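*Asks:* Pasting a structure here, questions to come.
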Amino acid sequence: MLGLTVNQNKVASSSSDGKVFIWSLTQGTKPIQNHSLHKDAVKSVKWCPWKIHLLASGGGKNDHTIILWNS
């Protein structure tokens, strides 16, 4: 796992295979969303402070993208 961020009731994590996972703190142990648009490791994930359902993820050295996710 490369990145981890928490908002009010969700956790987002990133991985070296280009995936972003969103987990619910109240709905069990499986991710509620799984995204895989990045072409390289996802180095960073961060929830938007003023829109709690908006997540940004940043790709690694060979990806050079920032993607916004609506959870």
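*Asks:* Count the net charge of all other residues whose Cβ sits under 15 Å from the Cβ of Ser44, scoring Lys and Arg as +1 and Asp and Glu as -1.
*Replies:* So the surrounding residues net to +2.
*Asks:* By the scheme Lys and Arg +1, Asp and Glu -1, what is the net charge of all other residues having a beta-carbon under 12 Å from that of Gln33?
*Replies:* +3
*Asks:* Below 8 Å between Cα atoms, with a sequence gap of 6+, how large is the relative contact order for the chain in percent?
*Replies:* Working: 177 pairs, mean separation 18.1, N = 71.
Result for the chain is 26 percent.
*Asks:* Find the accessible area per residue for the chain; the probe is 1.4 Å, ligands and nucleic acids are left out, and the unit is Å². All intermediate terms of the calculation are to be shown ahead of the outcome.
*Replies:* Working: 4600 Å² over 71 residues.
With the other protein chains kept in place, the chain gives 65 Å² per residue.
*Asks:* Another question about this same structure. Within the P(r) computed for the chain, what percentage of the Cα pairs occupies the region above 17 Å?
*Replies:* Cα-Cα pairs of the chain separated by over 17 Å account for 34 percent.
*Asks:* Using a Förster distance of 30 angstrom, determine the FRET efficiency expected from the C-beta separation of Lys30 and Trp50, and round it to 0.05.
*Replies:* Efficiency, rounded to the nearest 0.05: 0.55.
*Asks:* Follow-up. Can you check what the net charge comes to around Ser57, using other residues whose Cβ is under 11 Å from the Cβ of Ser57 (Lys, Arg +1; Asp, Glu -1)?
*Replies:* Here the charged neighbours net out to +2.
*Asks:* Could you list the trypsin sites (Lys or Arg not before Pro) in the chain that lie in coil according to DSSP, counting only those with at most 14 other Cβ atoms within 10 Å of their Cβ?
*Replies:* In loop regions of the chain (DSSP not H, G, I, E or B), the sparsely surrounded trypsin sites (Lys or Arg not before Pro) are Lys39, Lys51, Lys61.
*Asks:* Along the stretch 27-39, what does the Karplus equation 6.51 cos²θ - 1.76 cosθ + 1.60 (θ = phi - 60°) give for ³J(HN,Hα), rounded to whole Hz, x for Gly and Pro?
*Replies:* Residue by residue, the stretch 27-39 yields 10, x, 10, 9, x, 8, 9, 9, 10, 9, 8, 6, 9 Hz.
*Asks:* Could you pull out the chymotrypsin sites (Phe, Trp or Tyr not before Pro) across the chain that fall in loop regions by DSSP (anything but H, G, I, E, B) with no more than 12 other Cβ atoms inside 10 Å? Numbers along the way, then the final one.
*Replies:* Values: sites: Phe21, Trp23, Trp47, Trp50, Trp69; in loops: Trp50.
Counting only loop positions with at most 12 other Cβ atoms within 10 Å, the chymotrypsin sites (Phe, Trp or Tyr not before Pro) in the chain are Trp50.
*Asks:* Over 19 Å between Cα atoms, which of Lys10/Lys30; Lys10/Lys61; Lys19/Lys51; Lys10/Lys39 qualify? Present the calculation step by step, with values, prior to reporting the outcome.
*Replies:* Numbers: Lys10/Lys30 12 Å; Lys10/Lys61 27 Å; Lys19/Lys51 22 Å; Lys10/Lys39 24 Å.
Correct reply: Lys10/Lys61; Lys19/Lys51; Lys10/Lys39.
The values are calculated or read from the model by the stated rules, or taken from the named source; none is laboratory data. Since the structure is predicted, the reported quantities are computational estimates derived from the model, not experimental observations. Quick reminder, even Gly has a Cβ in these numbers, built from the backbone with ideal geometry, and neighbours come from all protein chains shown. With ligands, DNA and RNA removed, areas are computed over all heavy atoms of the protein, side chains included. Shrake-Rupley method; radii C 1.70, N 1.55, O 1.52, S 1.80 Å.
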